[in-house]
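Here's the structure we're looking at; comments come further down.
The values are calculated or read from the model by the stated rules, or taken from the named source; none is laboratory data. Treat the numbers as computed from the prediction; the structure is a model and nothing was measured. All Cβ positions, even for glycine, are placed from backbone atoms using ideal geometry, and neighbour counts span all protein chains on display.
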Amino acid sequence: MREVRQTFVLIFLFLIINSSFLIPFAGQAQSCTVKGSAPNFIGKEIRLMVQDDPISGKEVVLAKTKVGADGSFSLSGNVEPVQYGFLQIDRECGDLFLQGGKSVLVRFAPLKRPKGPEAFSDRYFFQLDIIEGEGAKLNREISLFNARLDGFLENLYPLLKKGKNPKLIADSLDVFRLKTDAEFATSQAFAKQYMFYALGNVELTFVSKRKILFDRYLKGREAQPNNPEYIRFVNQFFEGQIERMALIDKREECIAILKKSNAFAALEQLLLSDPFLQDVFVRRAILIQGMEKLYGQKGFDDNRVSATLRDFSKLSSNSDLIKAANNIADRKDGLRVNTQALDFSLTDTEGKAYRLSDFKGKYLLLEITDAANAYSQQESSVLRDMLKRFPRVKFLAVCVGNTEKEVANYKQLFAPNRPVCSIARTHKMVSDYQIVSLPGFFLIGPEGRFYRSPALDPSKGGISELEVLHAKIEGKGKVGE
């Protein structure tokens with residue numbers, strides 16, 4: 001649903017910026033069921049994913065199962081009255097809107113795509129075939145609208161390329177809006193609001209007068225946390241505002257505020273002078289999201305940023321804001337040096353089980369890698385004979401998304417004396433250790449806390465890190481034995 005339109009929005013922004021015509025609360029959750037067929041993925045795991053909150057963007061598994069021998073699957077979970085979600089098998093994803101108390105029958109059949117270089121985090125979204133069910137009508141309405149909007153953007157693109165003025169573009173959008181209102185006059189309320197803000201996001205690309213946009217799309221309107229187009233509009237409208245306030249305009253004041261208790265309320269007070277930030281949900285949502293950009297900034301204490309977010313979550317009554325504040329703090333705290341590493345449950349090529357607790361009292365170099373990737377193999381080859389060089393450090397390699405044959409070859413060539421485990425891309429460890437590219441290295445200390453996170457690649461300083469660590473261990477005598 002989202003890929004084509006986002007591409008055109010980026011094109012709009014590029015053309016406008018580089019042209020001469022630039023003008024200076026959630027309801028009660030109910031069960032939802034998604035049934036369907038995935039004939040090309042028999043025996044594969046299929047997951048129904050949703051966002052834990054609309055602000056941090058953290059994704060969670062609502063339900064998962066294996067595609068049956070006849071190609072069928074059934075997934076159920078509690079959702080808001082209307083909530084965006086997607087089905088995922090391997091890298092393939094089909095998105096849809098879930099409705100509490102309603103079911104939908106779909107066919108999971110992605111189009112064939114040319115193979116080529118793929119980033120580890122790449123996923124491929126396609127349009128699901130919506131067959132039937134109480135939830136089919138809403139999804140069909142939104143899918144049809146998205147197709148109409150994509151066609152409109154394709155036709156509008158030549159006008160932008162020729163440098164036509166924004167009024168002509170605005171007039172074209174108004175005509176399209178009228179046609180949309182007429183065609184979808186009997187659509188459900190959620191669908192109409194989705195369409196309204198989808199057009200708003202297009203308008204954001206060529207209208208720079210913020211008051212016009214605010215009056216049309218935000219003034220006096222109720223917040224819609226579960227409408228992804230509304231959230232996207234808010235994010236774009238207020239993009240960079242918190243960073244500018246905290247890192248430029250009121251930097252010293254914000255640094256001082258974060259050192260005190262009740263810091264969130266004090267930061268929020270600074271935003272009240274903005275006439276566009278009078279809605280409580282919007283103001284707090286962009287403040288929470290913007291605070292994520294303060295981590296690692298000079299003068300800002302990461303511990304205090306996290307404490308401020310967590311303190312706010314204890315006082316708020318809005319579940320979306322509570323989750324967002326905690327999820328951002330968790331994401332930033334999760335891999336920080338001296339924080340507790342998350343446990344894992346793995347099995348190596350010899351059938352031996354490993355958990356983080358198995359390495360208690362020892363230093364562990366955890367290598368998360370791709371057995372078939374040339375660069376990953378190069379880094380692994382550097383570690384091949386390090387057991388003798390660093391006898392007080394334990395090594396564990398984890399291959400992600402590889403075949404059994406690839407892992408076996410990797411073990412033989414690059415880690416004959418090190419345990420090698422294998423996990424799927426969807427394994428919990430991938431999200432726990434925030435893996436977005438491979439390889440990744442982590443040094444974990446005797447108490448299970450991160451000692452280096454991430455550690456340097458072996459060929460780029462990682463061996464020097466191990467030498468310093470080994471000297472430190474030797475200096476302490478039996479520590480790490």
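Here are a few things to note about the model shown:
- 3 or more residues surrounded by fewer than 13 Cβ atoms within 10 Å (Cβ to Cβ), among the β-branched types (Val, Ile, Thr) and assigned by TED's automatic domain parsing to the domain that holds Pro391: qualifying strands (runs of 3 or more DSSP E) within region 416-481: none
- Hey, Ala185 among the small types (Gly, Ala, Ser), modelled with pLDDT of 95 or more and surrounded by fewer than 20 Cβ atoms within 10 Å (Cβ to Cβ) or not: yes
- Taking every residue in region 393-409 that is outside the structural domain of Ala374 (by TED's automatic domain parsing) and pairing it with any residue that is surrounded by fewer than 23 Cβ atoms within 10 Å (Cβ to Cβ), at least 6 positions away or on another chain, yields no pair with a Cβ-Cβ distance below 7 Å.
One line per residue, one yes/no per condition, for (1) under 17 Å from Ala263 (Cβ atoms); (2) not assigned by TED's automatic domain parsing to the domain that holds Gln269:
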{"position": "Asn303", "(1), (2)": "yes, no"}
{"position": "Ala307", "(1), (2)": "yes, no"}
{"position": "Arg310", "(1), (2)": "yes, no"}
{"position": "Leu315", "(1), (2)": "yes, no"}
{"position": "Asn318", "(1), (2)": "no, no"}
{"position": "Leu321", "(1), (2)": "yes, no"}
{"position": "Ala325", "(1), (2)": "yes, no"}
{"position": "Ile328", "(1), (2)": "yes, no"}
{"position": "Asn338", "(1), (2)": "no, yes"}
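- Among all residues of region 125-134, there is none that is surrounded by fewer than 14 Cβ atoms within 10 Å (Cβ to Cβ) and assigned to a helix (DSSP H, G or I).
- Asn318 more than 20 Å from the chain's Cα centre (by Cα), surrounded by 15 or more Cβ atoms within 10 Å (Cβ to Cβ) and farther than 25 Å from Val337 by Cα: yes
- Within region 64-80, residues that are assigned by TED's automatic domain parsing to the domain that holds Lys44 reach partners that are in a loop (DSSP other than H, G, I, E, B) and charged (D, E, K, R) with beta carbons closer than 9 Å, at six or more positions or on different chains, in the pairs Lys66/Lys44; Val67/Lys44.
- Taken over region 148-184, the criterion of being under 22 Å from Leu218 (Cα atoms) and either aliphatic (A, V, I, L, M) or touching a strand residue (DSSP E or B) at 6+ places or on another chain (Cβ under 9 Å) (or both) is satisfied by Leu149, Ile169, Ala170, Leu173, Val175, Leu178.
- Residue check, Tyr197 farther than 23 Å from Val234 by Cβ and aromatic (Phe, Trp, Tyr): no
- Within the option set Val305, Val280, being among the β-branched types (Val, Ile, Thr) and more than 22 Å from the chain's Cα centre (by Cα) holds for one residue only, Val280.
- Among (1) modelled with pLDDT of 95 or more; (2) touching a Ser or Thr at 6+ places or on another chain (Cβ under 9 Å), the one test that Val436 misses: (1)
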